[in-house]
Amino acid sequence: MTNGIGRAAGALLTYGFLGLMAFLSVFPFLWMALGATNSSIDIIKGRVLPGAALATNVSTFFTQVNAPLVFWNSAKIAILATVLTLAVSSLAGYGFEIFRSRQRERLYRAMLLTLMIPFAALMIPLFIMMGKAGLINTHIAVVLPTIGSAFVVFYFRQCTKAFPSELRDAAKVDGLKEWQIFLFIYVPVMRSTYAAAFIIVFMTAWNNYLWPLIVLQSNETKTITLVISSLASAYYPDYGVVMVGTVLATLPTLAVFFFMQRQFVQGMLGSVK
Amino acid sequence: MDNLARAYLPRIAGLALASVSFLAVTAAEAKEITIWCWDPNFNVAIMKEAGARYTKTHPDVTFNVVDFAKSDVEQKLQTGLASGTADALPDIVLIEDYGAQKYLQSFPGAFAPLSGTVDYSGFAPYKVEVMTIDGQVYGMPFDSGVTGLYYRKDYLEQAGFKPEDMQNLTWDRFIEIGQQVEEKTGKKMMGLDPNDAGLVRIIMQSAGQWYFDKDGKTNVTGNPALKAALDTVGKIMSANIYKPAAGWSDWVGTFTSGDVAAVVTGVWITGTVKAQPDQAGKWGVAPIPKLSIDGATHASNLGGSSWYVLESSAEKAEAIDFLNEIYGKDIDFYQTILLERGAVGSLLAARGGAAYEQADPFFGGEKVWQNFSDWLAKVPSVNYGIFTNEADTAVTAQLPALTQGTPVDDVLKAIDAEVSAQIQ
């Protein structure tokens, strides 16, 4: 009897705690979505109910912002960065794990060390490099520095540890060359690793703020994150419009995440069963 | 791979074509002036208007106004200047007055001096002081933050005060009135954000002092105006005539919702005050209260920004001419930006225009713009120095101590120590 009560109390506590945490993580999203339907004044007053200003906010957003161009810029950068990063970094991760040597280990460690350098320290040298190369205010300049991602190389190397060497041996016996093994054996087997990395890299690229801010100079090249930042920093920001922008900017990452969720979870658990 | 090539070749070709046509355009001597600023509804819109006016008489000059967030403009400017990559910088940039000296002194030679071209005697002197180094004046004074005391006539009348009673106040009198307003109407006198040192800055500058003296040395412990300002804020707090606000939006809410009887701030708030149509006719504007120390005035400033031309700009001559023609001379332009954007510029002659002459029914027929324009010319000049933001942080950090009744001299010492530690 007491045991039952104890268990019920325990469950209540557990669910209460989980519920609270769920609420805390979902609430900002909820407020963002509701904010898009309210006027700026209502948002400041703290209204968290659906309002009637959605149509006004949306139309103000689309008159103030050249949305198709801005989203196209963001999408172009994010997709290009993701595809290139995955191609380069997965090759590197594969290479580091399969073809080991003492020198390569040193190189690998040196590469991991770069994870510890904050971007703010790299910003000005990188900017000078891009300036010398004549790439300021181009999307190439945004994408280039992200391609060789130490974190993604590290992630691929860790996952490659689970890639069975028997598969490689068998493929070799069947006469496949190294690039064929990578392309036709490794890539399909590591599908979920790629999916997980895709989500991570895509989200980072889509939300990237500081570097695009520094290197992009004109209204024609700006990404959605920069546009939202400038909307939100007006002397009297129209928060309803900012929320519309934020909701729209969140949709692509949400879509990517839900689309690849199953693979993502598998990728996190380890890809090869 | 094939696909990639197919997708990108046309684009590369397009890019090549585009650069060719770009070169062709440059050859035809069309000049494009690039400008960075930050508020789409304010300085961005105003600069577009200014550009359109200039293009009418100079069809060969076009404008590209790019808006970033204010902190983003600063970040980009800093990176561009620090890296020495000239083609990464705009031709004209907007800089907030509090930060202007920092850029001018940290990057000597980066900004084009305009003295000699622009007749600075026509501008509010304190705006010119902000952009002067060693007798050279850089920049074109833009929007002013000349301050006023906005008050609710209806609440004050209930408490027994007429508009005449609100003129030429001292801060002590202001606090007395506040106490009576609360007694009679139950309304607080003003909104106050304990994490914003804006009011301290307003009161300090009204007596012609700043955190730094004319030579840029820290001026905290021996600064009578700062001491009196902190004293005043402390009195407002202990008299409990304020409604506490958490952050900017909340502070704006204190008067838009009708919870307080007065607002002391820069003229740029006028648009927000007038955005409440149900409060039409209920507001009046008076000069801000005055301290009872030497050099005290009824005029001060909060915020404001100015335009600067980059020395490295390829269109430097055009940019300077543009600023001088429009911001330096075009009285009609100042009427337009006042009417459309509520912007009070720093050109004193603008007050002669029709928009400034108008009586405003929202303020019960007062000629508020004329008044602000009078006060604008009287704002004491101070040296904002390089570290205003750091000093401001120190003051903000000490405001709670003030609320708890710590003696003002101790608070000043603590601020001085913190400022010294921050700026080394």
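Percent relative contact order of chain B, based on C-alpha pairs within less than 8 angstrom and at least six residues apart? Intermediate results must be reported in sequence, preceding the final value.
Working: 740 pairs, mean separation 104.5, N = 424.
Worked out over chain B, it gives 25 percent.
For an R0 of 35 angstrom, estimate the FRET efficiency from the Cβ-Cβ distance between B:GLU357 and A:SER59 and round to the nearest 0.05. Mind showing how you got there, number by number?
Details: r = 36 Å, r/R0 = 1.03.
For B:GLU357 and A:SER59, the calculated efficiency is 0.45.
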Over the range A:58-269, what is the relative contact order in percent, taking alpha-carbon pairs closer than 8 angstrom and at least six residues apart? 35 percent
Mind checking which aspartates and glutamates have their Cα closer than 14 Å to the Cα of A:LYS222? Skip sequence neighbours fewer than 8 apart in that chain. B:ASP67, B:ASP72
May I ask you to evaluate 6.51 cos²θ - 1.76 cosθ + 1.60, the Karplus curve with θ = phi - 60°, for each residue of the range B:135-151 and list the ³J(HN,Hα) values in order in whole Hz, giving x for glycine and proline? x, 8, 10, 10, x, 10, x, 10, 6, 9, x, 3, 9, x, 9, 8, 9
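Would you please report the Å³ per residue occupied by the convex hull of the alpha carbon atoms in the protein assembly as shown?
Numbers: hull volume 159.1 nm³, N = 697.
Cα-based convex hull of the protein assembly as shown, divided per residue, equals 228 Å³.
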At 1.002 mPa s and 20 °C, Stokes D of the range B:315-424 from Kirkwood alpha-carbon radius, µm² per second: 121 µm²/s
With labels modelled as points extended 7 Å from the Cα through the Cβ direction, what inter-label distance (nm, one decimal) is found for B:LEU339 paired with A:ASP169? 8.7 nm
Amide H proximity to B:PHE123 below 5 Å, modelled H, separation 5+ or other chain, gives B:LEU348
Exercise: per-residue mean of other protein chain Cβ atoms within 10 Å, A:129-139: 2
So what is the relative contact order for the range B:79-162, in percent, with contacts set as C-alpha pairs under 8 Å and at least six apart? 23 percent
Interchain or long-range residues, amide H under 5 Å from B:VAL146's placed H: B:VAL267, B:LEU302
The range A:106-214: D in µm²/s via Stokes-Einstein (Kirkwood Rh, Cα pairs, 25 °C, 0.890 mPa s)? 149 µm²/s
Given the options B:ASN41, B:SER83, B:ALA262, identify the residue whose Cα lies farthest towards the positive end of the charge dipole of chain B (+1 on Cβ of Lys, Arg; -1 on Cβ of Asp, Glu). B:ALA262
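Report, please, the projected area of the range A:58-269 averaged over directions, based on the convex hull of its C-alpha atoms, in nm². All intermediate terms of the calculation are to be shown ahead of the outcome.
Details: hull surface 57.2 nm².
That works out to 14.3 nm².
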When chain A is modelled as a GNM with alpha-carbon springs shorter than 10 Å, which of A:SER89, A:SER230, A:SER39 fluctuates the most? A:SER230
Alpha carbon centre of the range A:40-72 versus the range B:332-368: separation in Å? 31 Å
Where is the GNM fluctuation largest for chain A (alpha-carbon springs, 10 angstrom cutoff): A:ALA22, A:ALA55, A:ALA171? A:ALA22
Globularity index of chain B, i.e. its alpha-carbon radius of gyration over 2.2 N^0.38 Å: 1.08
Just going by the charge dipole of the range A:58-269, with Lys and Arg at +1 and Asp and Glu at -1 on Cβ, which of A:SER90, A:ILE181, A:MET116 is farthest out on the positive end? A:ILE181
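What average count of beta carbons from other chains do you get within 10 Å of the Cβ of residues in B:67-78? Display every interim value, and only then the final one.
Numbers: counts 9, 10, 11, 5, 3, 8, 3, 0, 4, 6, 0, 2.
Partner Cβ neighbours, averaged per residue: 5.
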Let me know the charge dipole size of chain A about its Cα centre in debye, to the nearest 20, where only the beta-carbon of Lys, Arg (+1) and Asp, Glu (-1) is charged. 660 debye
Between the range A:202-263 and the range B:75-112, how many Å separate their Cα centres? 26 Å
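For a quick check of your reading of the filter: which GluC sites (Glu not before Pro) in the range B:25-104 sit in a DSSP loop and have no more than 11 other Cβ atoms within 10 Å? Present the calculation step by step, with values, prior to reporting the outcome.
Values: sites: B:GLU29, B:GLU32, B:GLU49, B:GLU74, B:GLU96; in loops: B:GLU29.
Qualifying residues, ordered by number: B:GLU29.
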Given the rule -39500 (n - 2.57) for each run of at least 4 DSSP H residues, summed and divided by the residues of chain B, what is its mean residue ellipticity at 222 nm, to the nearest 500 deg cm²/dmol? -14500 deg cm²/dmol
Rank A:SER90, A:SER101, A:SER229 by mean-square fluctuation in a GNM of chain A with C-alpha springs under 10 angstrom and give only the top-ranked residue. A:SER101
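Past the 19 Å Cα-Cα mark, which pairs from B:LYS243/B:LYS290; B:LYS70/B:LYS329; B:LYS184/B:LYS282; B:LYS187/B:LYS290?
Details: B:LYS243/B:LYS290 22 Å; B:LYS70/B:LYS329 27 Å; B:LYS184/B:LYS282 17 Å; B:LYS187/B:LYS290 23 Å.
From the list (B:LYS243/B:LYS290; B:LYS70/B:LYS329; B:LYS184/B:LYS282; B:LYS187/B:LYS290), the Cα-Cα distance tops 19 Å for B:LYS243/B:LYS290; B:LYS70/B:LYS329; B:LYS187/B:LYS290.
A short reminder: the numbers here are calculations on the coordinates, not readings from a lab. Bear in mind the structure is a predicted one, so any value in this text is a computation, not a measurement. Note that we place each Cβ from the backbone using ideal geometry, even for glycine, and neighbour counts take in every protein chain shown.
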